[in-house]
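Structure, as structure tokens:
The values are calculated or read from the model by the stated rules, or taken from the named source; none is laboratory data. What you see is a predicted model, and the numbers here were worked out from it, not measured in a lab. All Cβ positions, even for glycine, are placed from backbone atoms using ideal geometry, and neighbour counts span all protein chains on display.
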């Protein structure tokens, strides 16, 4: 039995923030959970799936985030409690439906959980999802620690039902992927009955159809939606998760939320400023509780905003301060805009310490300066940087190798539009700098579709795009449909590695089992692409020569969109992990080392971590611990020095 | 050793290494043992993209008084446990101080730049000598060789936990380790993990 459904009295566990969110939802009696994988959010759906049977849940990895919200909304419309979860980029994808959902409202409690990634630790951007709450005109909650990540979820469900609208809960990497002690509360029964009532009057919140349609009559729905937001602001005045610690009249008030509240506490404690600085930790960051804010602003002459990514608290609190200047007096503000905290990247205790130490003119050093200098010099000398690369045995390295060769052989200055997945490293030396554009999920295909239509302006470069199997279903299919319909002659290389690999092998519509382990129809990408009207070839990326030939052939074909499916499971996938196809060795007598035609092509260019350049012997060798035995490097070596022997 | 008092509050431990070495499991095991004993524990983890052969780091904060933030302030690590020597130096440079207790595996995992021959991985013996000059109490042990002698390099993280147990600075013992393994891993893995723990215990 999972510890997530521990029903012991006073049970306490060390939980990741994501697990705490799940436990909170279970304590709230959640029925349906949906999402699309993305770091740092992915554990939430996985945890729900582990307890789905015991807790009578329906859980799914949806095709994309917009569909995930729609699936969760259906549960809400039928009177159930539901939650949909995604990383910050996913909220962009879901935003169209969210805007309309916020207008129609919800029935059973419904939460949108967005896990942001300040500092872009595992993202292509550090996008800010909090601004969506303002745009969508829905309430936003931000838990400040692990216990609160659990406790705030039942409160958020109650709020959603009270307001009849979706409530957004925002976490960040340093909460979602950090762990702390969490005391459990009781779990409710699991009986639930779903029914969609629709026969009442159009705008009846309990019995009418759920329709977002305010054509030329904004007052009908937009008005009530704003009333809900006003109600939320009233409720937020007494929200138990807004807390203040510090003296009654501090010299400086920190206004903060989320993981930043923990950094603020630490900084105040480290600098010994507890008697001089107060911390107002807000869990309700949109709409702001104005009364509470005014009370605390009035007590302090200086205000410091501690938050990550966009200065949203800073902007919104300044508006409150401006509107109530006569009551609270004139303040001095510090934060991103004053330059006391950086406007990009994630925060940490040191950055808050630096801001406070500057404002209060209190000197601070983490370690003695002489030690710091000496140890940094040691690291510079002895710790070579660790660059990102594909795993040993990764199909993407082989794919990019062939793609690169095909482009060079073609000789028309062709290029590849990149997409989102591990294969973003196609923009880096690990992927031989193959990809020349990189933006959002599915955008490689859309951009390639556009490039393909520029022939009339004299552009004759062959255009290619890459996308993974999960990304194909998520967002590349509409772009491919566009290209086929518009006769845009680009070549899509569909890197099918059998799962949503980057985030941990979550299933997608092409997978034969779903997140609950049930057998489900697996959509056949090859048949789909053919049926859509593309010219389709399939290749095993480990067969370098055939892959290169097929790609060159497709690049020649100028009449419409083409798809080359590069099918080989991820090296870390359950089906390949721990299994060696080949024992690979280097025949030192044949290795040409630095005299090799391309100067150590295997180690210098191909760059698989399983192949090591032996600087003393001046030959390549195989690291047996690292090598997973894919055998691809044997086809790279021009001297036939890399030998592969099939493992029986 | 389970009654060890924390030398400081919060007590700050960093477990670092390279993606795939079992760094996250080690920090969860240790954190779980301490939380079970009533400590307030925070573990901040840096993984994600870094799991693809990059640097991985877990910050463990242990307290009797208050939940600490998921990131240790620079220069304030009390213990650094590293599964790879270059990572030990990288973390020491940011989070170390003259009192930091450093325990590291001495078996290198080459960064891609070294594998490609663009950079050189310095001799570990030279690295060790330089570190000992700055931190005379540092421990360099060949945990990888010990793990391989037990049959699998993946046991490095457990060998290092055993060695940490012997240092007697973090309050946990073999019995608690056994319970933590039982709670997290399949029953068949108990014996080999205990062997790895004991092996590490005997290495410092």
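For residue A:387, are the conditions met, namely being at the interface with another protein chain (Cβ under 10 Å from one of its Cβ atoms), under 32 Å from the mean Cα position of the chain (by Cα) and not in a strand (DSSP E or B)?
yes
Looking only at residues in the range B:70-90 that are touching a residue at least 40 places away in the same chain (Cβ under 8 Å), assigned to a loop (DSSP other than H, G, I, E, B) and touching a helix residue (DSSP H, G or I) at 6+ places or on another chain (Cβ under 7 Å), the one that is nearest to the other protein chains (Cβ to nearest Cβ) is B:76.
The listed residues are B:131, B:114, B:120, and the only one of them that is without any contact (Cβ under 8 Å) to a residue 12 or more places away in the chain, in a helix (DSSP H, G or I) and within 11 Å of chain A (Cβ to nearest Cβ) turns out to be B:114. The set of residues in the range A:546-590 that are surrounded by 14 or more Cβ atoms within 10 Å (Cβ to Cβ), touching a strand residue (DSSP E or B) at 6+ places or on another chain (Cβ under 6 Å) and in a loop (DSSP other than H, G, I, E, B) contains only A:588. When the range B:180-196 is filtered for residues that are under 16 Å from residue B:34 (Cβ atoms) and surrounded by 15 or more Cβ atoms within 10 Å (Cβ to Cβ), the ones remaining, listed by number, are B:180, B:181. Residues that are over 25 Å from residue A:229 (Cβ atoms) and either within 14 Å of chain B (Cβ to nearest Cβ) or touching a strand residue (DSSP E or B) at 6+ places or on another chain (Cβ under 6 Å) (or both) within the range A:273-312 comprise A:274, A:277, A:278, A:279, A:300, A:302, A:304, A:306, listed in sequence order. Residues in the range A:600-623 that are assigned to a strand (DSSP E or B) and either out of contact with any helix residue (DSSP H, G or I) (no Cβ under 7 Å at 6 or more places or on another chain) or more than 8 Å from every other protein chain (Cβ to nearest Cβ) (or both): 5 in all. When residue A:600 is tested against (1) at pLDDT 95 or above; (2) more than 30 Å from residue B:149 (Cα to Cα); (3) surrounded by 21 or more Cβ atoms within 10 Å (Cβ to Cβ), exactly one condition is not met: (1).
Looking at A:293, A:297, which is the one that is over 16 Å from residue A:247 (Cβ atoms), buried (at least 20 other Cβ atoms within 10 Å of the Cβ) and not assigned by TED's automatic domain parsing to the domain that holds residue A:160?
Result: A:293 is the single residue among A:293, A:297 that is over 16 Å from residue A:247 (Cβ atoms), buried (at least 20 other Cβ atoms within 10 Å of the Cβ) and not assigned by TED's automatic domain parsing to the domain that holds residue A:160.
Counting only helices (runs of 4 or more DSSP H) wholly contained in the range A:115-184, the ones carrying 2 or more residues that are more than 13 Å from every other protein chain (Cβ to nearest Cβ) and within 18 Å of the chain's Cα centre (by Cα) occupy A:130-136.
For the range A:523-545, which residues satisfy the criterion of being assigned to a helix (DSSP H, G or I), in contact (Cβ under 8 Å) with a residue 40 or more places away in the chain and either over 17 Å from residue A:498 (Cβ atoms) or not assigned by TED's automatic domain parsing to the domain that holds residue A:423 (or both)? Listed by number, the residues that qualify are A:532, A:544, A:545. The set of residues in the range A:343-377 that are surrounded by fewer than 21 Cβ atoms within 10 Å (Cβ to Cβ), closer than 27 Å to residue B:113 by Cα and not assigned by TED's automatic domain parsing to the domain that holds residue A:306 comprises A:372, A:373, A:374, A:376, A:377. Checking A:317, A:309, A:255 one by one, the residue that is assigned by TED's automatic domain parsing to the domain that holds residue A:340, part of a loop (DSSP other than H, G, I, E, B) and within 24 Å of residue A:141 (Cβ to Cβ) is A:309 and no other. For the range B:18-27, the tally of residues that are at pLDDT 95 or above and either more than 10 Å from chain A (Cβ to nearest Cβ) or surrounded by fewer than 24 Cβ atoms within 10 Å (Cβ to Cβ) (or both) stands at 1.
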